[in-house]
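The values are calculated or read from the model by the stated rules, or taken from the named source; none is laboratory data. This structure is a prediction, so every number in the text was calculated from the model and none was measured. Counting neighbours? That spans all protein chains shown, and the Cβs are built from the backbone with ideal geometry, glycine included. All accessible areas refer to the heavy atoms of the entire protein, side chains included, with ligands and DNA or RNA removed. Shrake-Rupley method; radii C 1.70, N 1.55, O 1.52, S 1.80 Å.
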Amino acid sequence: MSKLGKIFKGLTAYDHFLVFLIILSVIKIVNVFVLSGIAGGLHFVKLGVALMVISTVLFLIFRFFLDKKKGYKNVLISALLILLVLSHGDPEPVRGLVLILLLFVAKFLVKYKGENIFNPIVFAIGVTTLLSFVIPAMLVPPLDWSGIDIRFSMFGMQFPLPIIPIFLALIFNVARVKRHPLAISFIVASLLVGYILGQFEGEFLSNFIIILFVGAAIIIEPKTSPIKIKEQVIYGFSIAMVTILFKVLNIPNSIVMGLLIGNLAYFIFKNFKKGIIKQQ
């Protein structure tokens, strides 16, 4: 086996996922330079660097006071996800700081017996969205998936280049965490029911890419999703139904809000089941 092969084999599921996000981020950066010129591209790079610096500082503070064994790799993953799914043109820095702070609150504090209750990205965007409902001065976080739905002109057609690494992640990364039943049940149910209810009219490709990405990258987060196949299928289908319902009701950030409820519901179910087992 070559040295490169040995290195690749030694990578963990989180390493593979990090590489996947880096590839998407590079595509996003190139796209910003192409569409917005050098000035716009440099501005986006500066925002990315600022996001990494703020995330690193908060990580070191939370780690020092709460959990000195916490690894840095998850911070990079979370920061890249924020860079990919939120609008980089957000004019409200305070809302952005609140969102990043909530990300680390979820990572370090929102736990039960050492277990995460929510996917940190889902918690940060979801709770910030909820806060925008009750705080007039705070608008809804601009979740626009701008790093996922990128089109490049090829042979006279607009081709969504990120779909290639997303498909590869769906095939290989999801297999490494043994979550294919979950990813597939969510993707198929979301696309089928959404199409039947006419929720994708005029923007089917965009919705297809977003749903595919959520299935390949977010819903399958190992710490907050089921392991058993039957539970995975039920979980994926249920979140798809809630997400489509929220979309029909025009609830902002419907996918993230569906995932937020799904994380909480699975946490309650998991601990309820543990309680029943202990009583037997």
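The set of residues in the stretch 172-197 being farther than 11 Å from residue 215 by Cα and either open to solvent by 80 Å² or more (accessible area, probe 1.4 Å) or among the basic types (Lys, Arg) (or both) consists of 172, 176, 178, 192, 195, 196, 197. Checked against (1) surrounded by 21 or more Cβ atoms within 10 Å (Cβ to Cβ); (2) farther than 23 Å from residue 168 by Cβ; (3) not hydroxyl-bearing (Ser, Thr, Tyr), residue 230 passes all but condition (1).
Please work out if residue 95 is over 20 Å from residue 264 (Cβ atoms), of a type in the set (D, E, K, R) and open to solvent by less than 50 Å² (accessible area, probe 1.4 Å). So residue 95 fits the description; yes. Sub-7 Å Cβ pairs linking a first residue in the stretch 247-266 that is acidic (Asp, Glu) and open to solvent by 50 Å² or more (accessible area, probe 1.4 Å) to a second residue that is part of a helix (DSSP H, G or I) and at pLDDT below 95, at least 6 apart or interchain, number zero.
Per the conditions (1) small (Gly, Ala, Ser); (2) open to solvent by 20 Å² or more (accessible area, probe 1.4 Å); (3) under 28 Å from residue 150 (Cβ atoms), the sole criterion not satisfied by residue 225 is (2). Of the residues making up the stretch 65-92, those that are over 17 Å from the mean Cα position of the chain (by Cα) and either in a helix (DSSP H, G or I) or touching a residue at least 60 places away in the same chain (Cβ under 8 Å) (or both) number 2.
Just one residue in the set 234, 268, 220, 227 is part of a loop (DSSP other than H, G, I, E, B) and more than 27 Å from residue 160 (Cα to Cα); that residue is 227. Condition check for residue 107 on (1) among the basic types (Lys, Arg); (2) out of contact with any helix residue (DSSP H, G or I) (no Cβ under 7 Å at 6 or more places or on another chain); (3) buried (at least 20 other Cβ atoms within 10 Å of the Cβ): one failure, at (2).
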